Amino acid sequence: MKEEIIFVDFRKEHGLELIQLWRKSFAKAMGIEEDTREEAVNEHLAYLQTYDPEIIRVALENNKIVGFMAKEENTIKDLFIDVEYQRRGLGSSFIHQAKEEETFLTLSTFQLNKGAQKFYEFHDFVIARLGFAGAEGNAWASNKEQLADITYEWKRVTKIDKD
């Protein structure tokens, strides 16, 4: 029997499991090998702890984290789906939730992450600008080109906008 995916607020005990999902998904998206050293995992966990827990929603199936989104006001800071749950509509569910809450959304993704670009463009996000992410907190990058990023924006279209 297939379990239903439920969306819940982040809890502190989700931390390590969320980080493991985040790191695996990121490594796959970027085409890099995951850095599994304890110090690297602990650095990422410390970074997660800088987030206000109230901005994080978690998707659970059978009490296992299968995805999460961190959204602060109208900015999607992070959206990651377990690699085994990608392309099943879970990311779309998070985007639809965000669109219901806001009239304008913005987010950034690395230019190397072609899958994310296709996903966001499918969901009517448009490129607002190109730039570079900062090297701080991106220890995985070995050159500036890897830090090239794209900022996307989405705006709810209203009847007035159409006229």
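Among strands (runs of 3 or more DSSP E) entirely within the range 40-106, having at least 1 residues that are in contact with a strand residue (DSSP E or B) (Cβ under 9 Å, 6 or more places away or on another chain) and more than 15 Å from Leu21 (Cβ to Cβ) singles out 64-72, 75-81. With respect to (1) under 14 Å from the mean Cα position of the chain (by Cα); (2) surrounded by fewer than 19 Cβ atoms within 10 Å (Cβ to Cβ); (3) touching a residue at least 60 places away in the same chain (Cβ under 8 Å), the lone exception for Asp82 is condition (2). Here Gly131 meets each of (1) surrounded by 14 or more Cβ atoms within 10 Å (Cβ to Cβ); (2) modelled with pLDDT under 95; (3) assigned to a strand (DSSP E or B) with one exception, condition (1).
For the range 23-45, a residue qualifies if it is without any contact (Cβ under 8 Å) to a residue 12 or more places away in the chain and either farther than 22 Å from Phe110 by Cα or buried (at least 17 other Cβ atoms within 10 Å of the Cβ) (or both), and the qualifying residues are Arg37, Glu38, Glu39, Asn42. Answer yes if at least one residue in the range 110-121 is in a strand (DSSP E or B), touching a helix residue (DSSP H, G or I) at 6+ places or on another chain (Cβ under 6 Å) and of a type outside the set (Gly, Ala, Ser), and no otherwise. No, every residue in the range 110-121 fails to be in a strand (DSSP E or B), touching a helix residue (DSSP H, G or I) at 6+ places or on another chain (Cβ under 6 Å) and of a type outside the set (Gly, Ala, Ser).
The residues in the range 48-69 that are surrounded by fewer than 14 Cβ atoms within 10 Å (Cβ to Cβ) and either more than 17 Å from the chain's Cα centre (by Cα) or within 15 Å of His14 (Cβ to Cβ) (or both) can be counted, and the count is 6. Just a yes or no: is a residue in the range 53-70 closer than 19 Å to Ile150 by Cβ and modelled with pLDDT of 95 or more? Yes, the conditions are met somewhere in the range 53-70.
The values are calculated or read from the model by the stated rules, or taken from the named source; none is laboratory data. This is a predicted model, so every value here is computed, not measured. We place every Cβ from the backbone using ideal geometry, glycine too, and count neighbours over all the protein chains shown.
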